[in-house]
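Note sheet for the following structure.
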Amino acid sequence: MSSQVLAGIDRSLDHASIDEWIVETLCRRGALTLDYLNSLFPKCEEARLLFSVDRLSRAGRIVISPPQGGDYLLSAQSTEDGSVTGAHSTSVGATREPACARGV
């Protein structure tokens, strides 16, 4: 992740910066639990992170999977065919390049 993205998040914590950080993190690291994602970004209030996750999910940019072992799993969504990247690596659609890798 670029230092400009992190610097923008640290200074203003605006919606676009948080959203970008979440999508980039999920694209780079694969599927993560909500708690783990929250631990990666301690400077962001948990409520703001949850609002961003909700906004990204409704926009179709990430997928929230039901709790497994007590926590939700978040994954980046590919924009080409609607498949999830990172969560189910055995699916055919999961081999597609995530949206953030294409600069979307």
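Here, each number is a calculation from the coordinates, and none is a lab measurement. The model shown is predicted, which means the values in this text are computed figures rather than measured ones. All Cβ positions, glycine included, derive from the backbone under ideal geometry; neighbour counts span all protein chains shown.
Take the Cα of D35, step 7 Å along the line toward its Cβ, and report every residue of segment 55-70 whose backbone nitrogen sits under 12 Å from that point.
Residues passing the 12 Å test: 68-70.
Only counting other Cβ atoms within 10 Å, I'd like T25, T33 sorted with the fewest neighbours first.
Listing T25, T33 from fewest to most nearby Cβ atoms yields T33, T25.
Could you tally the net charge around L73, taking each other residue with its Cβ under 14 Å from the Cβ of L73, Lys/Arg +1 and Asp/Glu -1?
Summing Lys/Arg as +1 and Asp/Glu as -1 gives -1.
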